[in-house]
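K.L.:
Dropping the structure in here first, questions after.
The values are calculated or read from the model by the stated rules, or taken from the named source; none is laboratory data. The shown structure was predicted, so the numbers you read here are calculated from the model rather than taken from an experiment. Neighbour counts run over all protein chains shown; Cβ positions are idealised from the backbone, glycine included. Each accessible area value is taken on the protein alone, full model and side chains, heavy atoms only, with ligands, DNA and RNA left out. Shrake-Rupley method; radii C 1.70, N 1.55, O 1.52, S 1.80 Å.
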Amino acid sequence: MLTLGIETSCDDTAAAVVEEGSHILSSVVQSQDELHSSFGGVVPEMASRRHLEVIDNVVARALEGAGARMVDIDLIAVTAGPGLVGSLLVGLSYAKGLHFATGIPLVPVDHIEGHLMTLDLAGGTPLPSVALVSSGGHTTLYHLAASGPPAILGTTLDDAAGEALDKAAKMLGLGYPGGPALERAASGGNERALSLPRPLSGTETLDFSFSGLKTALFTYLKREGYLDRTREGRNLPLTVSDLAASYQAAVVDSLVEKCFLAVGKLEASDLLVVGGVARNTLLRSRMSRAAEEAGVRVHFPPPALCTDNAAMIAALGHRRRSSAAGEALELDAYSTKSMKTRHALAGGQWT
Ligand code: KG4
Ligand code: ZN
């Protein structure tokens, strides 16, 4: 069974063909980084226009890469939300058009659930488990039971970890997207150079908070004259590399601490770490070390499947195939909704 996945929730236009929900035949991700970089973040209107320009070609490349034609596809899976509504509507409308023209069943899926089930594409999703989704818009811990929908254990009270990294990178003049830029800048830096808070550390909550950390960096940069252009590079106490390393370590430490607090509380044996921030090398190594100490297994998708892609959407669509929408042309996009509502929208079945 071949599933064509389509993903346009933010600033990547992606399409993929996945066999039996687990084997990637092709995965095309056309990034818009270059388009948005001079603005230091995604400009929604520009993002949706670019999706519209390239989606046809991205889908054609995915089919070609898989050696398939549209008639070979058994199911179309598309991200319905959460995300930027203008961007989502491009993928959703395109998928509806394909469904209308070909009669191939169409299943709407949830982007965050897509991240959660990414390991379907890398040897299988271990259940039961604790899972951290850490991306640009979400930092949430879930309990994935052997059956039934994911249960939220904790979530960020303010910024997402990826957002905190992106904002710090912007403050440090490192460009966009911030997470990878900050990671590059941090290499060789001294993470103990600047003492930064680990918000909610040492408490029993499974929630996260990153806005205090961001403010601490901003306050330091302002006080020491980093934001004063006339002083740029002159007599500044710490290098950008030291600052990036200190900040990255604070974000990583916060994520690791809460993950293992959850693992301990639930007596879980498996921890999944997914979403764009899971590409981070320091995060991967600290999670792995903590897992070894705790005697649990930690699982990461391959780096290319951590950031947004359509293969995870196709894999989830395959799981949800029995809920292929009867009234697919009525489907609507959603920017935010609770996981419960989103789950019900996606057919309500957790398989
Ligand atoms: O999952 P994703 O591609 O998109 C969303 O659903 O948001 O995640 C994007 C986030 C951005 O905040 C980006 O800065 C972060 O993932 N990211 C990283 C790295 N690569 C991407 N953060 C830290 N280190 C990385 N290497
Ligand atoms: Zn994402």
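K.L.:
Taking the Cα centre of the chain as origin and charging only Cβ (+1 Lys, Arg; -1 Asp, Glu), how large is the dipole, in debye to the nearest 20?
P.N.:
660 debye
K.L.:
Please list, short to long, the whole-number percent of alpha-carbon pairs of the stretch 126-300 in consecutive 10 angstrom bins beginning at zero.
P.N.:
10, 39, 32, 14, 4, 1
K.L.:
Let me ask something else. Hey, how many Å between the Cα centroid of the stretch 142-179 and the Cα centroid of the stretch 65-79?
P.N.:
31 Å
K.L.:
So what's the back-of-envelope 222 nm ellipticity for the chain, counting only DSSP H runs of four-plus at -39500 (n - 2.57) apiece and dividing by all residues, rounded to 500?
P.N.:
That comes out to -13000 deg cm²/dmol.
K.L.:
Distances over 17 Å make up what percent of all Cα-Cα pairs in the stretch 179-239?
P.N.:
56 percent
K.L.:
Also, I was wondering about something else. Using a Gaussian network for the chain with springs between C-alpha atoms less than 10 Å apart, which of these wobbles most: 188, 81, 136?
P.N.:
It is 188.
K.L.:
Along each of its three principal axes, how wide is the spread of alpha-carbon positions in the stretch 1-95, in whole angstrom units, largest first?
P.N.:
41, 22, 21
K.L.:
I would also like to ask the following. How big, in percent, is the set of alpha carbon pairs in the stretch 76-214 lying more than 17 Å apart?
P.N.:
71 percent
K.L.:
Lysine pairs in the stretch 126-300 8 or more apart or on different chains: how many have alpha carbons under 27 angstrom apart?
P.N.:
8
K.L.:
With an 8 Å cut-off on Cα pairs and a minimum separation of 6 or more residues, tell me the relative contact order of the chain in percent.
P.N.:
Computed over the chain, the figure is 25 percent.
K.L.:
May I ask for the angle, rounded to the nearest 10°, between helix 85-102 and the longest principal axis of the chain, with both axes built from Cα atoms and the value confined to 0 to 90°?
P.N.:
20 degrees
K.L.:
With θ taken as phi - 60° and the coefficients 6.51, -1.76 and 1.60, list the Karplus ³J(HN,Hα) couplings across the stretch 51-64 in order, rounded to whole Hz; mark glycine and proline as x.
P.N.:
Going residue by residue, I get 3, 4, 5, 10, 4, 4, 5, 5, 5, 4, 5, 5, 5, 4 Hz, with x marking Gly and Pro.
K.L.:
Still on this structure: Order the peptides 21-32, 159-170, 305-316 from the highest to the lowest mean number of other Cβ atoms within 10 Å of their residues.
P.N.:
305-316, 159-170, 21-32
K.L.:
What Kirkwood Rh does the stretch 67-148 have if only Cα atoms enter the pairwise 1/r average? Answer in Å.
P.N.:
Roughly 14.7 Å, rounded to one decimal.
K.L.:
What is the dipole size for the stretch 126-300, taken about its Cα centre, with +1 at each Lys and Arg Cβ and -1 at each Asp and Glu Cβ, in debye to the nearest 20?
P.N.:
With only Lys, Arg, Asp and Glu charged at Cβ, the dipole is about 480 debye.
K.L.:
Now a separate question. What does the net charge come to around residue 200 if you take all other residues with beta carbon closer than 12 Å to its beta carbon, with K and R at +1 and D and E at -1?
P.N.:
-3
K.L.:
Something else now. Among 192, 229, 69, which one shows the highest mean-square fluctuation when the chain is modelled as a Gaussian network with alpha-carbon springs under 10 Å?
P.N.:
Most flexible of the set in this elastic network: 229.
K.L.:
Measure off, as a whole percent, the carbon and sulfur share of the 1.4 Å-probe accessible area of the chain, all protein chains present.
P.N.:
So the carbon and sulfur contribution to the accessible surface is 52 percent.
K.L.:
Using a 10 angstrom cutoff on alpha carbons, build the Gaussian network for the chain and name the most mobile of 219, 239, 336.
P.N.:
It is 219.
K.L.:
Continuing with this model, one more query. Can you work out D for the stretch 239-345 in µm² s⁻¹ from Stokes-Einstein, where Rh is the Kirkwood radius over C-alpha pairs, the temperature is 25 °C and the viscosity is 0.890 mPa s?
P.N.:
It comes out at roughly 147 µm²/s.
K.L.:
Binned at 10 Å from 0, what are the whole-percent values of the Cα-Cα distance distribution for the chain, short to long?
P.N.:
Histogramming the chain at 10 Å steps yields 6, 25, 32, 23, 11, 3, 0 percent.
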